[in-house]
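Asks: Here it is: the structure, laid out below.
The values are calculated or read from the model by the stated rules, or taken from the named source; none is laboratory data. Model, not experiment: these values are computed from the prediction. FYI the Cβ positions are ideal-geometry reconstructions off the backbone, even for glycines, and counts take in every protein chain you see. The accessibility values were calculated without ligands, DNA or RNA, using every heavy atom of the protein model including side chains. Shrake-Rupley method; radii C 1.70, N 1.55, O 1.52, S 1.80 Å.
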Amino acid sequence: MSLGGINKVMHISNFQKGKKEKIAVIGLGYVGLPLAVLLDEKFNVIGFDINPQRIKELKENYDRTREVKKEKLEKCSIEFTDNPEKISEAKVIIVTVPTPIDEHRIPDLRPIKSASKTVGKYMKKGSIVVYESTVYPGLTEEECVPILEKESGLKWKEDFNVGYSPERVNPGDKLHTIDKIKKVVAGDTPEITEFLTQLYGSVITAGIHKAPDIKTAEAAKVIENTQRDLNIALMNELSVIFNKMGIDTKAVLEAAATKWNFLRFEPGLVGGHCIGVDPYYLTFKAEAIGHHPEVILAGRRINDYMGKFVAENTVKKLIKAGKAVKGSKVLILGLTFKENIADIRNTKVVDVYNELREYGIDVYVHDPYAYPEEVKEEYGIELLDDIEREAPYDAIVVAVKHKPFVEELDFKEYKRLLGNNNKPVLIDIKGLYSKDKAIKEGFLYWRL
């Protein structure tokens, strides 16, 4: 019997509070930290991150991602550390590092390979290494396992085992929290799959789905966001078509949604670390095996075009308002890739910003959730701390549905920020407001 035999390896009961065995979570970002906090309810957890500042903040019960509240961190007993030697104390090691793409839209495997090297260097015989990062089918066994073997000097399935359980964290979503989302698990042996079922099942109330193998679990994760990407791409293409025809896309979708089996997706800027990235992992692997994925890449092209489309229509409204485009002032409200979170990774609002700047427009950005120093470092943009500072503006682009924008800004406030001019331009990317009311209020109004 291989080491995968669960009776020969370990029991879940050995990890319970006060017991010897420990679980290490590698990478304490939007995925890793909520997972570590959840596991901490029943198990002994080590939380490892290579960023010492992140560890310092977590020890002070502060989560800059705002996914875990201070009170929750105060109650947990996670051993936060940036010392990789602590990994050697854990029998189960869960890797939750990001898997981005590079400037050529090719999977950037450096984070997951680096994490695998670190884990391999410090893991012990009998370890189970579980990957949660989004990858293409086959990556865990083809790329990560050889690194683990090389760094550890151990042999896969004899000295250690691996598993895969795709993360399904939805940042900013307080309803569909990690414990309320069904978990997919797969091990390199049936015994490891059963062990992971028990491990995750002890804290995930929504239940567990056992995939037949690791590649299936990897594929399931990568197509979840690919499917959403394609559906949104269809809505975006329809928005482009309907805009050219003078038809309000939102009105069309509201009419179509009266049919019971109509899938209600909406047009928008598709950014973030998942939907705008994951399809490229699948297309990369598809091309590597000799298949050119036309539909998936077509959807990506459409979604990547939408920032330019929004900017072009903003310029058209400025011209219609009689404004000189070059030197005009535009305020963008919101920069994060979705509402009510601080995550700016792969945000497509930046595409709108850059395109407007290409027209010689002075563009200002305000976001109450984003961290100014992160925005400056990542995009070279200085966030406005006060939207009044550069007023009056020639146009306002509402890019993100942040709670403060919804609750504190109305047509009267927008008019004031626009200098109460007789042709105020309001670009409503998310369709927050009534088009009829906006037009009645005198706005030159546009939305996707």
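Asks: Which pairs have Cβ atoms under 7 Å, sit 6 or more apart or on different chains, and link a residue in region 417-435 that is on the phi < 0 side of the Ramachandran plot to one that is in a loop (DSSP other than H, G, I, E, B) and of a type in the set (Asp, Glu)?
Replies: Qualifying pairs under 7 Å: Val425/Asp394; Lys435/Asp248.
Asks: Let me ask you something else. Residues being open to solvent by 10 Å² or more (accessible area, probe 1.4 Å) and assigned to a helix (DSSP H, G or I): count how many of those fall in region 406-431.
Replies: Of the residues in region 406-431, 8 are open to solvent by 10 Å² or more (accessible area, probe 1.4 Å) and assigned to a helix (DSSP H, G or I).
Asks: Please go through region 435-448 and pick out each residue that is surrounded by fewer than 17 Cβ atoms within 10 Å (Cβ to Cβ) and under 19 Å from Glu339 (Cα atoms).
Replies: First, the residues of region 435-448 that are surrounded by fewer than 17 Cβ atoms within 10 Å (Cβ to Cβ): 435-437, 439-440, 442.
Correct list: empty.
Asks: From Val352, Val365, which residue is aliphatic (A, V, I, L, M) and touching a Gly at 6+ places or on another chain (Cβ under 7 Å)?
Replies: Val352
Asks: For Gly271, all conditions in the list (1) open to solvent by 20 Å² or more (accessible area, probe 1.4 Å); (2) in contact (Cβ under 8 Å) with a residue 60 or more places away in the chain hold save one; what is the number of the exception?
Replies: Going through the list (1) open to solvent by 20 Å² or more (accessible area, probe 1.4 Å); (2) in contact (Cβ under 8 Å) with a residue 60 or more places away in the chain, Gly271 breaks only (1).
Asks: Another question, then. For region 1-112, which fully contained helices (runs of 4 or more DSSP H) count at least 2 residues that are open to solvent by 40 Å² or more (accessible area, probe 1.4 Å), over 24 Å from Val145 (Cα atoms) and of a type in the set (A, V, I, L, M)? Quick ask: steps written out before the conclusion?
Replies: Values: elements: 6-9, 32-39, 52-59, 70-75.
Qualifying helices (runs of 4 or more DSSP H): none found.
Asks: Moving on to the next point. What pairs can you find where one residue is in region 122-141 and closer than 21 Å to Glu194 by Cβ and of a type in the set (Gly, Ala, Ser), the other is outside any loop (DSSP other than H, G, I, E, B) and open to solvent by 10 Å² or more (accessible area, probe 1.4 Å), and their Cβ atoms are less than 8 Å apart, with a gap of 6+ or different chains?
Replies: The qualifying pairs are Gly126/Val9.
Residue-by-condition table, conditions (1) at negative phi; (2) out of contact with any helix residue (DSSP H, G or I) (no Cβ under 7 Å at 6 or more places or on another chain); (3) crowded, with 19+ Cβ neighbours inside 10 Å; (4) in contact (Cβ under 8 Å) with a residue 60 or more places away in the chain:
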{"position": "Asp213", "(1), (2), (3), (4)": "yes, yes, no, no"}
{"position": "Val222", "(1), (2), (3), (4)": "yes, no, yes, yes"}
{"position": "Glu237", "(1), (2), (3), (4)": "yes, no, no, yes"}
{"position": "Asp248", "(1), (2), (3), (4)": "yes, no, no, yes"}
{"position": "Val252", "(1), (2), (3), (4)": "yes, no, no, no"}
{"position": "Ala257", "(1), (2), (3), (4)": "yes, yes, no, no"}
{"position": "Pro267", "(1), (2), (3), (4)": "yes, no, yes, yes"}
{"position": "Tyr281", "(1), (2), (3), (4)": "yes, no, yes, yes"}
{"position": "Phe284", "(1), (2), (3), (4)": "yes, yes, no, yes"}
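Asks: Still on this model: Take the residues in region 286-295 that are assigned to a helix (DSSP H, G or I) and out of contact with any helix residue (DSSP H, G or I) (no Cβ under 9 Å at 6 or more places or on another chain), then tell me which one is surrounded by the most Cβ atoms within 10 Å (Cβ to Cβ).
Replies: Glu287
Asks: Same structure again: Keeping to region 170-211, report how many residues are open to solvent by less than 20 Å² (accessible area, probe 1.4 Å) and assigned to a helix (DSSP H, G or I).
Replies: So the answer is 6.
Asks: Let me ask something else about it. If a residue must be farther than 20 Å from Val406 by Cα and assigned to a helix (DSSP H, G or I), how many such residues does region 337-385 contain?
Replies: Number satisfying all stated conditions: 17.
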